[in-house]
């Protein structure tokens with residue numbers, strides 16, 4: 001899966017179509033469980049407080065962790081509360097998460113599947129609130145000295161945990177991909193450096209072969225010298241002697 005953001009050279013093999021459907025069922029089951037817990041906890045808070053933003057609370061761990069009832073018209077942790085941009089942010093978030101899930105659907109990574117289940121369940125729980133009540137029920141208030149955290153709910157917790165895990169996995173995958181690329185480049189460079197001296201040696205050996213061939217030719221020429229040609233002067237002297245012999249014989 002080259003287009004999958006969470007894959008790398010060391011990623012697990014791709015899933016078959018049957019196993020992809022099985023993981024889809026598990027992701028759906030996790031999402032349904034998150035929705036059920038989220039909606040049950042919100043119903044209990046609404047039935048107990050009846051009125052949101054009243055300022056009353058239930059101490060759980062002293063003043064560090066308390067339960068209250070807040071009507072959130074924004075996104076998670078009351079971000080962009082009362083703004084019409086909320087629906088745009090929600091739509092963008094849904095599209096991005098859906099794309100991430102579909103692009104990584106064949107990847108055999110249980111942590112990734114569970115993470116998507118948490119995110120889908122949390123997002124759906126808040127969307128149900130917004131559709132039924134016009135706002136999201138937030139009730140978990142965490143505070144420590146010098147730090148007062150936003151009021152949130154169980155769905156927000158699942159979304160944040162899922163997004164943190166996704167960000168970590170994306171970071172690890174990116175580093176692994178860069179490491180694999182660097183290793184491949186080093187192997188290619190090493191192979192090129194190993195091949196270059198061999199080519200130079202072959203080219204250097206060719207002039208030596210030509211020198212040896214020239215030396216062998218010279219040695220052959222020395223061992224087998226050509227026979228000297230007969231001098232024309234000697235030939236003419238022989239002819240004159242033969243003529244004198246014929247003259248004496250006639251007389």
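Every number in this text was worked out from the coordinates using simple rules, so none of it is lab data. Given the structure is predicted, the values throughout are model-derived calculations rather than measurements. Glycine gets a Cβ as well: all are built from the backbone with ideal geometry, and neighbour counts include every protein chain shown.
Key figures for this structure:
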| read-out | value |
| --- | --- |
| Contour minus Cα-Cα distance for residue 114 and residue 51 (0.36 nm per residue) | 19.2 nm |
| Rg to Rh, two decimals, where the range 17-186 supplies the alpha carbon set and Rh follows Kirkwood | 1.06 |
| Gained length - residue 88 relative to residue 37, 0.36 nm times residue gap less alpha-carbon distance | 15.7 nm |
| For peptides 130-136, 54-60, sequence by mean Cβ density within 10 Å, most packed first | 130-136, 54-60 |
| For the range 23-54 and the range 152-172, distance of Cα centres in Å | 17 |
| Convex hull volume per residue in cubic angstrom - Cα atoms of the range 108-163 | 79 |
| Stretch gain in nm, segment residue 16-residue 61, where the contour uses 0.36 nm per residue and the Cα spacing is subtracted | 11.4 nm |
